[in-house]
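Asker: Got a structure for you, questions after.
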Amino acid sequence: MSVEIESLPVTTPLTIRDSPDGCTLPVRVHPGARRNAITGVHDGALKVSLTTPPTDGRANQALIAFLAVELHIPRARVTLLTGATSRSKSLRIAGLTAAQLRAALAPPATE
């Protein structure tokens, strides 16, 4: 499975909040896309495109799996807090601070 991360726009800040056991990440999902990718920021939420259709919670599971791979963490550390039937979701990322998550989502530095 090929995964691409497009650079996040600098003009819109990503709203990540620290929590006692990690951090909370707002996500805006575009299910049924042509490819899996992080496509930017929408109203302070990470915008993610997924190829999986939004049926029977499959897109939620695909989102968790996709972010776990991108962040190099086990799937069990990514949980859906809110938005099970909505495009706007809130995820808990256990074991990472907001600063660590921002660094992990930052595009690679180019020389």
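The values are calculated or read from the model by the stated rules, or taken from the named source; none is laboratory data. Small disclaimer: the values here were computed from a predicted structure and weren't measured. No Cβ is skipped: glycine too gets one built from the backbone with ideal geometry, and neighbour counts run over all protein chains shown.
Asker: Across segment 78-94, which residue is farthest from the chain's Cα centre (by Cα) among those that are more than 13 Å from THR24 (Cβ to Cβ) and not hydroxyl-bearing (Ser, Thr, Tyr)?
Answerer: ALA84
Asker: Continuing with the same structure: Within segment 41-77, take every residue that is within 11 Å of the chain's Cα centre (by Cα) and of a type in the set (D, E, K, R) and give me the one that is nearest to ARG28 (Cα to Cα).
Answerer: Applying the filter and picking the extreme gives LYS47.
Asker: State all residues of segment 1-44 that are modelled with pLDDT under 90 and acidic (Asp, Glu); if no residue qualifies, say none.
Answerer: Scanning segment 1-44 gives GLU4, GLU6.
Let's see how each residue does on (1) aliphatic (A, V, I, L, M); (2) in contact (Cβ under 8 Å) with a residue 60 or more places away in the chain:
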site: ARG17; (1), (2): no, yes
site: ARG35; (1), (2): no, no
site: LEU63; (1), (2): yes, no
site: VAL69; (1), (2): yes, yes
site: ALA84; (1), (2): yes, no
site: GLY95; (1), (2): no, yes
site: LEU105; (1), (2): yes, yes
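Asker: So, one more: Could you please find all residues in segment 88-111 being modelled with pLDDT under 95 and of a type in the set (Lys, Arg)?
Answerer: Listed by number, the list holds a single entry, ARG102.
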